[in-house]
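A short reminder: the numbers here are calculations on the coordinates, not readings from a lab. Everything numeric in this text was worked out from a predicted model, so none of it was measured. Note that each Cβ is placed from the backbone with ideal geometry, even for glycine, and that neighbours are counted across all protein chains shown.
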Amino acid sequence: MRDAAPQTIHLADYTPPNWLVTGVHLTFRLDPTRTRVLSRIGFAPNPDAASRAFKLDGENMTLIRAKIDGVEVAPTVTETGLTCDVPDGPFTWEAEVEINPSANTALEGLYMSSGMYCTQCEAEGFRKITYYPDRPDVMAVFDVRIEGGEPVMLSNGNPGKIGDGFAEWHDPWPKPAYLFALVAGRLVNHPGKFTTMSGREVDLNIWVRPGDEGKCAFGMEALKASMRWDEEVYGREYDLDLFNIVAVDDFNMGAMENKGLNIFNSSCVLASPETSTDANFEQIEAIIAHEYFHNWTGNRITCRDWFQLCLKEGLTVFRDAQFTSDLRSAPVKRIEDVIALRARQFREDNGPLAHPVRPQSFVEINNFYTATVYEKGAEVIGMLKTLVGDAAWSKALALYFDRHDGQACTIEDWLRVFEDVTGRDLAQFKRWYEHAGTPRLTVTENFKDGTYTLHFKQETPPTPGQPDKPPRVIPIQVGLLAEDGTEIVPTRLLEMTEAEQSFEFSGLDARPIPSILRGFSAPVILRRETSNAERAFLLAHDTDPFNKWEAGRALAREGLIAMIRDGAPADPAYIAAAETMARDESLDPAFRALALGLPTQDDLAQALHDAGTVPDPQAIWDALEALKDARAEAMEGTARALYAQHQVTAPYRPDAAQSGARALANAALAMLTRRDGGAAAQAQYDAADNMTQQLAALACLLQAGKGDLALGRFYDQWQKDRLVVDKWFSLQVACAEPADAADVAERLTRHPDFTMKNPNRFRATLGALAGSPAGFHHASGKGYRLLADWLIRLDPLNPQTTARMCSAFETWRRYDADRQALIEAELRRIEASPGLSRDTGEMVGRILA
Ligand code: PHE
Ligand code: ZN
């Protein structure tokens, strides 16, 4: 049942734990429905605590018995934990509890996935395994014994005794309970080895279900590359004899950094050329790196409390982005990240779910694993690095690892390291952690007597609970170009600290053309009155690849907005610029493919809303289609040439060069399909020997309305591969006409392969609908209704995934009164569902507020 009044937890109320844990011994007697967990935990009073009251967290379990120092006790047990009278000094707590992994559809705690046992403890899942002080500032050494005769039985740390029907594990590194993991079942491993910088041999394994062995090689190489990179760039060495990764089919998130035993959503680790796209490969490489990098940023140094989540996540996302930039193309990675930031974080930051990178309160912490904490958290780290410079950054990181190893830390600890290294006061910088909302940065300019002045004004709109926004420090990278395209002032860092501020460049012969916010040096919305001619100039001449791309994107966006708002025809200047850029062989094909991308429907809706126009999702869709048609017509010859020139003939490799070529060829194919009715796409589909080309061709055929045959063949070919079937589900929804998308999704929920118990499949179907704005926002309201129906059904089984998907509705106040009324009715219907989870209740409440 719903909690009578879900409690709000505040950062300001933090107090240290009353009791510290001196050691943990766990014995698991595995059984699908009646697993017994025996715990023996050493407790000692915390000298920093004001009280010795003893409370352990615990949910969804039956207490069989409890002892203190060997004597049976009778604790007071509630729905959320227990309290007990305890001695004044150190004591040993023992408990035996029973839990039911088979009944655990929330996928938090110990659960079953495809017949195997696995765990997910972050953030507060360990309390579903046994009674414990389940908070990250309680760190302890864990010993684990698993009994149950499963062929493979894994836990954190290094292996101990392994015998008939049992396995023992010892993790020498003190850790919070959220990093605990256990996996047991019929698994096979793909082995590897890594020799660390100090010469220690580490055994590596990727554990998968039998049949998936062939999809591990890429992940293994990515793991080794990550281990090497963290040594070379940050001097961080791995610290156990063994590193295990396990692939699990049913998982709420992408992956989890449990100490020495990372658990992955199988979609985020399994890869093969036949079943994974180039984008999948790049993402898998990044996630493996991300989880591995957590070993130092997250595990060795962890968070004091969950408000500090960005301490580990922002930094680790920043580190994985550096890794991808080093291994692949830095400009391409930056552009991809900004596209994703604008799509997910700006959307969040400019709506009812906006919250600071370090939130000040929450009801359910699972609702704060957000684009703001992760992606904006990483942007904040990037700005800090820009402001202090590379040398100070390296010194500060070395000091951070040295000073805080083994500790549970705060953002204050993190910033103090930088203050100590640089002597700088970071009080104003800290506002990036404390204030929600995307700053608007308005630029005006002036040129007089050889002096060029840039005047900036920053304003951040109010966000929930934060009406007033003080000015932040904003690092603005600027370069200046001459009219002939030469760069007269190379990239310079302007440090804006005031609400309004001017910067001067003197000694210039003529008015320059500015390239502002190079590399997207701050997560802000830049506003500048400028001409399309100047945008086209920057697209042609800017030496900063990000701003070059940005100029093209702005040109496309302005043209689209004119089409949507004023019924203007497609802008020939944009098409000409796009064509010139697409043919420019001095540019990386991956960059050209990105530059041929168009603003998303959601980008355009937000831009229209910002400009005071109520967005019409169908009109946005129509404008995008019209522009794509006009561009395909104008660029037909170029598209044909690009398609021919960028065919990869070498054996498939998922590297940056080959995937860039395929991306450009597929962008050309999409244009060609608008001209040839799908002939080239059908040929590519028939000849494809890799998923990148097969799926791109299928998408083209579906969009051309010629996909039925290929769709059937695709299913017949891949019906045994869950991850490919997910693609089959989502593509049909994503490629549907707006009027059909909800019906297609609804039909797919009746397909025998649909199950709401698997989060990947649920997202592939209903998430794909939420991600197709024109279809989701169809004026009939059928998209809203279908999603709400399924969220109501899923909530009792899996509150976490339900709550996350409620964000589909977060933009509702942008739309017209009719749509707002339809959405509000669906949100109220969800809110009124009997027994609604705390997770979903919090999300719906915040969206409606
Ligand atoms: N900590 C995980 C990661 O970033 C994400 C995660 C959170 C996974 C909560 C599961 C549950 O890398
Ligand atoms: Zn992470």
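Using a Förster radius of 22 Å, what is the FRET efficiency between Ala279 and Asp716 based on their Cβ-Cβ separation? Nearest 0.05, please.
So the FRET efficiency works out to roughly 0.35.
Taking the Cα centre of the chain as origin, sum charge times position over the Cβ atoms of Lys and Arg (+1) and Asp and Glu (-1), and report the length of that vector in debye to the nearest 20.
Result for the chain is approximately 720 debye, rounded to the nearest 20.
Could you put Asp134, Asp571, Asp305, Asp164 in order, starting from the residue whose Cβ has the fewest other Cβ atoms within 10 Å?
Ordered by Cβ neighbours within 10 Å, fewest first: Asp164, Asp305, Asp571, Asp134.
Suppose every Lys and Arg Cβ carries +1 and every Asp and Glu Cβ carries -1, with no other charges. What dipole size does region 340-401 come out with about its Cα centre, to the nearest 20 debye? Each step should come with its number before you reach the end.
Details: 7 positive and 6 negative charges, 22 e Å.
Using only the charged Cβ atoms, the result is roughly 100 debye.
Please label the shape of region 165-275 as rounded, prolate or oblate, based on the square roots a ≥ b ≥ c of the eigenvalues of the alpha-carbon gyration tensor (a/c under 1.5 means rounded; beyond that, a/b larger than b/c means prolate, else oblate).
Values: a/c = 1.59, a/b = 1.18, b/c = 1.35.
In terms of gyration-tensor shape, oblate.
Under 13 Å from the 7 Å Cα→Cβ point of Thr8, by amide nitrogen: which residues of region 353-370?
Those under the cut-off are 360-364.
I'd like the trypsin sites (Lys or Arg not before Pro) in region 675-745 restricted to DSSP loop residues with at most 11 other Cβ atoms within 10 Å, sorted by number.
The qualifying sites are Lys720.
Which one, Phe43, Ser659, Ile620, projects farthest toward the positive side of the charge dipole computed for the chain from Cβ point charges (K/R +1, D/E -1)?
Projecting each Cα onto the dipole axis, the largest value belongs to Ile620.
Rounded if a/c is under 1.5, else prolate if a/b beats b/c, else oblate: with a ≥ b ≥ c from the C-alpha gyration tensor eigenvalues square-rooted, which is region 376-509?
Judged from the Cα gyration tensor, region 376-509 comes out oblate (a/c at least 1.5, b/c at or above a/b).
Under the rule of -39500 (n - 2.57) per DSSP H run of 4 or more residues, summed and divided by the residues of the chain, what mean residue ellipticity at 222 nm is obtained, to the nearest 500 deg cm²/dmol? Before the final figure, lay out each step's value.
Values: 27 runs with 326 residues, N = 849.
Taking each H run of at least 4 residues, the total per residue is -12000 deg cm²/dmol.
Evaluate the charge dipole of region 651-772 about its Cα centre and quote only its size in Debye, nearest 20, assuming +1 on the Cβ of each Lys and Arg and -1 on the Cβ of each Asp and Glu.
Details: 14 positive and 13 negative charges, 51 e Å.
Roughly 240 debye, rounded to the nearest 20.
Lys757 to Asn60: FRET efficiency via 1/(1 + (r/R0)^6), r the Cβ-Cβ distance, R0 22 Å, to the nearest 0.05? Mind showing how you got there, number by number?
Values: r = 17 Å, r/R0 = 0.79.
E(calc), rounded to 0.05, equals 0.80.
Evaluate the distance, in nm, between pseudo-label points positioned 7 Å from the Cα of Asp816 and of Ala683 along their respective Cα→Cβ axes.
About 4.4 nm, to one decimal.
Obtain the nm distance between the two label points defined at Lys193 and Ala499 by a simple spin-label model: each point lies 7 Å from its Cα along the Cα-to-C-beta direction.
The modelled label-to-label distance comes out at 6.6 nm.
Just for region 182-281, what percent of DSSP beta bridges are antiparallel, to the closest 5? Mind dumping the intermediate values first?
Details: 10 of 20 bridges.
Counting DSSP beta bridges with both partners in region 182-281, the antiparallel share is about 50 percent.
Among Ala832, Leu786, Asn758, pick out the residue whose Cα is farthest towards the positive end of the charge dipole of region 736-849, where Lys and Arg carry +1 and Asp and Glu carry -1 on C-beta, about the Cα centre.
Of the candidates, Asn758 comes out farthest on the positive side.
Sorted from largest down, what three extents in whole angstroms do the Cα atoms of region 756-849 have along their principal axes?
Answer, in whole Å and largest first: 33, 27, 16 Å.
Can you check what the net charge comes to around Glu445, using other residues whose Cβ is under 9 Å from the Cβ of Glu445 (Lys, Arg +1; Asp, Glu -1)?
Counting the neighbours of Glu445, the net charge comes to +2.
If each residue of separation counts as 0.36 nm, what is the full-extension length gain between Ser394 and Glu237 once their alpha-carbon separation is subtracted?
54.9 nm
What is the extension gain from Ser114 to Gln360, computed as 0.36 nm multiplied by their sequence separation minus the C-alpha to C-alpha distance, in nm to one decimal? Don't skip to the answer; put the middle values down first.
Values: separation 246, 0.36 × 246 = 88.56 nm, distance 3.85 nm.
This chain segment gains 84.7 nm when fully extended.
Could you give the length gained by full extension between Thr15 and Lys161, i.e. 0.36 nm per residue of separation minus their alpha carbon distance, to one decimal place?
Between Thr15 and Lys161, full extension yields an extra 48.6 nm.
Can you give the FRET efficiency for Thr491 and Ala626, using 1/(1 + (r/R0)^6), R0 = 41 Å, r = Cβ-Cβ distance, to the nearest 0.05?
Values: r = 37 Å, r/R0 = 0.91.
FRET efficiency, Thr491 to Ala626: 0.65.
What longest region of the chain stays clear of GluC sites (Glu not before Pro) that DSSP places outside H, G, I, E and B and that have at most 13 other Cβ atoms within 10 Å?
After excluding every exposed loop site, the longest remaining stretch is 80-482.
Where in the chain are the helices, taken as whole DSSP H runs, whose Cα atoms extend 30 angstrom or more along the long axis and whose Kyte-Doolittle mean reaches at least -1.0?
545-566
Quick check on the chain: of the DSSP beta bridges with both residues there, what percent are antiparallel, nearest 5%? The partial results should precede the final answer.
Details: 94 of 117 bridges.
The antiparallel proportion sits near 80 percent.
For a paramagnetic label modelled at 7 Å from the Cα of Lys706 toward its Cβ, which residues of region 645-672 fall within the zone defined by backbone nitrogen distances under 18 Å?
What the label zone holds, given the 18 Å backbone N cut-off, is 666-672.
Taking the dipole about the Cα centre of the chain, with the C-beta of Lys and Arg at +1 and of Asp and Glu at -1, give me whichever of Phe243, Phe418, Ala540 is farthest to the positive side.
Farthest towards the positive end: Phe243.
What shape does region 299-446 have by the C-alpha gyration tensor, where a ≥ b ≥ c are the square roots of the eigenvalues, rounded means a/c under 1.5, and otherwise prolate means a/b greater than b/c and oblate the rest? Could you put the intermediate results ahead of the total?
Details: a/c = 1.36, a/b = 1.12, b/c = 1.21.
Cα axes put region 299-446 in the rounded bin.
Counting Lys +1, Arg +1, Asp -1, Glu -1, what net charge surrounds Ser659 among other residues with beta carbon under 14 Å of its beta carbon?
Cβ neighbours under 14 Å give a net charge of -1.
Along the Cα→Cβ direction, 7 angstrom out, place labels at Leu587 and Asp468. What is the inter-label distance in nm?
4.6 nm
From Cα pairs below 8 angstrom and at least 6 apart in sequence, can you work out the relative contact order of region 240-294, rounded to a whole percent? Could you put the intermediate results ahead of the total?
Numbers: 66 pairs, mean separation 17.2, N = 55.
It comes to 31 percent, rounded to a whole number.
Tally Lys/Arg at +1 and Asp/Glu at -1 over every other residue whose Cβ is under 14 Å from the Cβ of Cys303; what's the total? Can you show the working numbers first?
On the way: positive: Arg135, Lys175, Arg300, Arg304, Lys312, Arg358; negative: Glu122, Glu124, Asp134, Asp137, Glu257, Asp305, Glu313, Glu412, Asp413.
Overall, the nearby charge balance is -3.
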